[in-house]
Amino acid sequence: MHFLRSRVAALGLLTAVALAPACQRAAYQPKAQLAPVTGLPVGKSIPDDPTAAATIAPYRQRVTSQMTEVIGTAPVAITKNNGESPLSNFTSDIQRMRASKEIGQPVDLGVMSNGGLRAPIPAGSVTVGSIFELMPFENELVVLDAPGTVVQQLFDYAAKAKMPVSGAFYTVSPEGKPENVRINGQPIDPARTYTIAISDYLASGGDNMVFFKPIKFRHTNVLLRSAFIDAIREQTKQGKPIEARLEGRVK
């Protein structure tokens, strides 16, 4: 009897499976159920949230007081342009001087690309905020110990954009090649090692300076921005205005 019931149940199951396709409903068609729009356009018409404003207030006050601190005075704006510029000379010189101080030995060259300088130093009061606008990145000042062959590659690169290099003078040929390169008055010595003050970004091959990538750099643990701020403060302490000029580093 048990066997018969099992056979009947099995036949019933097979019949249901066989007939199932004929009884299926149409394919499921999902319908999007969008929530009502609750966003509001952001603008001055929206009043401040009192709780949020109270939370932010002490931080805003502290940042504002730091950014508006006057650290020097520039008689004229220190600007950048293609090729040698007052701003590129100013920043690369500071790099070289600060790196020399940090490692306790003279540094031969200072390198700063135009792309790393994001704003001019304005005429008049120079504030901490001015330098944050100039250098908004958290780049560290580092030192490379580069063989003369790599330094030659640096000037090959620099000549294409007529980029100045602190501590050196050179001429760009009509073909865009560096000629008469002089580092501290001397031609490049392929057998010598040169010290270069540069950002960790460029030292790691940034801006296509790939010739630096194989060289392990020395840390100074000083941000470029901090080096600029400290140098301006020191000049102001000495009673000097913040100035920079063209020197014919690239001819």
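Here are a few things to note about the model shown:
- Extreme residue, most open to solvent (accessible area, probe 1.4 Å), among residues of the range 159-169 that are closer than 21 Å to Ser100 by Cβ and not in a loop (DSSP other than H, G, I, E, B): Phe169
- For the range 105-148, residues that are in a loop (DSSP other than H, G, I, E, B), among the polar types (S, T, N, Q) and either touching a strand residue (DSSP E or B) at 6+ places or on another chain (Cβ under 8 Å) or over 18 Å from Pro86 (Cβ atoms) (or both) total 2.
- Selection status of Ser173, open to solvent by less than 20 Å² (accessible area, probe 1.4 Å), touching a strand residue (DSSP E or B) at 6+ places or on another chain (Cβ under 8 Å) and farther than 28 Å from Pro120 by Cα: yes
- Qualifying positions in the range 176-188 - surrounded by fewer than 17 Cβ atoms within 10 Å (Cβ to Cβ) and part of a loop (DSSP other than H, G, I, E, B): Gly176, Lys177, Asn184, Gly185, Pro187
- Search result, residues across the range 208-249 that are outside any helix (DSSP H, G or I), surrounded by 18 or more Cβ atoms within 10 Å (Cβ to Cβ) and among the small types (Gly, Ala, Ser): Ala244
- Filter pass, Ala146 being of a type in the set (A, V, I, L, M), touching a residue at least 60 places away in the same chain (Cβ under 8 Å) and in contact with a Lys or Arg (Cβ under 8 Å, 6 or more places away or on another chain): no
- When Ala146, Ala203 are screened for being farther than 18 Å from Arg98 by Cα, open to solvent by less than 20 Å² (accessible area, probe 1.4 Å) and touching a Leu at 6+ places or on another chain (Cβ under 8 Å), only Ala146 passes.
- Count - residues of the range 83-104 that are assigned to a loop (DSSP other than H, G, I, E, B) and either on the phi > 0 side of the Ramachandran plot or in contact with a Lys or Arg (Cβ under 7 Å, 6 or more places away or on another chain) (or both): 3
- The set of residues in the range 59-82 that are in a helix (DSSP H, G or I), touching a residue at least 12 places away in the same chain (Cβ under 8 Å) and open to solvent by 70 Å² or more (accessible area, probe 1.4 Å) contains only Gln66.
- In the condition set (1) farther than 24 Å from Asn184 by Cα; (2) modelled with pLDDT under 95; (3) not hydroxyl-bearing (Ser, Thr, Tyr), Pro122 is compliant with all but (2).
The values are calculated or read from the model by the stated rules, or taken from the named source; none is laboratory data. Please read all numbers here as calculations on a predicted model, not as lab measurements. Because the Cβ atoms are built from the backbone with ideal geometry, glycine has one as well, and the counts that use them run over all protein chains shown. To get the accessible areas, we keep the full protein, side chains included, count just its heavy atoms, and leave off ligands, DNA and RNA. Shrake-Rupley method; radii C 1.70, N 1.55, O 1.52, S 1.80 Å.
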